[in-house]
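Asks: The structure that follows is given in the form of structure tokens.
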Amino acid sequence: MANVTVSSDMPETVERIFALFTDIEHAAQHVSGIKKTEMLTTGPFSRGSRWLESREILGRVDTAEMEVTAFETNHTYTITHHKGGLRIDTTFSFEPIPGGTKVSIEFALNNQGLPPGLLSPLEWAMAGKVRDVLGHDLADLKKSLDQIVH
């Protein structure tokens, strides 16, 4: 299993940051790597919310069905999706700090049913790319926050 964590301090309240991050319907406006989202469920963002997310990855657009599998308002949530025999869990955490909020994103790749060690040679290369993508997503969201607030 490969895990990657990135974090960033954002100069706004947990509530405002959490609202921005969970605004899936407008995600493509806030994150440059996301090309389109399509909600599959109705109602507020919560455990069980599902959507299709189209993202540019390595120069091509890939669509995955996302689902919120854990949720605690203004504290944390986990998004899970499956691709090619892999389960991918991305956990977002929000912690109040002086002057704002510390946002952490942990990406966990689980090889469900694949032979043990099959991904080991690729994990180090994937970890670097995932860290870059998550860092870029955080930077985009921080920039969007600045535009919304100011």
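Read-outs: derived from the displayed coordinates by stated rules, not from any lab. All values derive from a computational prediction rather than experimental measurement. Here the Cβ is made from the backbone with ideal geometry for all residues, glycine too, and neighbour counts use every protein chain on show.
Asks: Could you tell me what a quarter of the Cα convex hull surface of segment 13-105 works out to, in nm² with one decimal place?
Replies: Values: hull surface 25.1 nm².
Over every viewing direction, the Cα hull of segment 13-105 projects on average to 6.3 nm².
Asks: So, one more: Would you please state the base-10 log of I(q)/I(0) at q = 0.15, 0.16 1/Å for segment 1-59, with intensities from the Debye formula using one equal scatterer on every alpha carbon?
Replies: Debye intensities relative to I(0), on a log10 scale: -0.60, -0.68.
Asks: Further question on the same structure: Give, as a single signed number, the net charge of other residues whose beta carbon lies under 10 Å from the beta carbon of residue 6, with Lys and Arg counted +1 and Asp and Glu -1.
Replies: On the way: positive: 131; negative: 106, 132, 137.
Around residue 6, the charge tally is -2.
Asks: Now for a different question. Give, as a single signed number, the net charge of other residues whose beta carbon lies under 15 Å from the beta carbon of residue 96, with Lys and Arg counted +1 and Asp and Glu -1. Write out the running numbers ahead of the final one.
Replies: Working: positive: 16, 102; negative: 9, 12, 15, 72, 95.
Net charge around residue 96: -3.
Asks: Please give me the summed charge of the neighbours of residue 28: other residues whose Cβ is under 10 Å from its Cβ, Lys and Arg +1, Asp and Glu -1.
Replies: Values: positive: 35, 36, 55; negative: 25, 53.
Computed value for this residue: +1.
Asks: If you don't mind, there's one more thing I want to ask. Go through 134-140, 46-52, 36-42 and give me the packing order, highest mean Cβ count within 10 Å leading. Before the final figure, lay out the partial values.
Replies: Details: 134-140: 17.4, 46-52: 14.9, 36-42: 12.9.
Going from most to least packed, we get 134-140, 46-52, 36-42.
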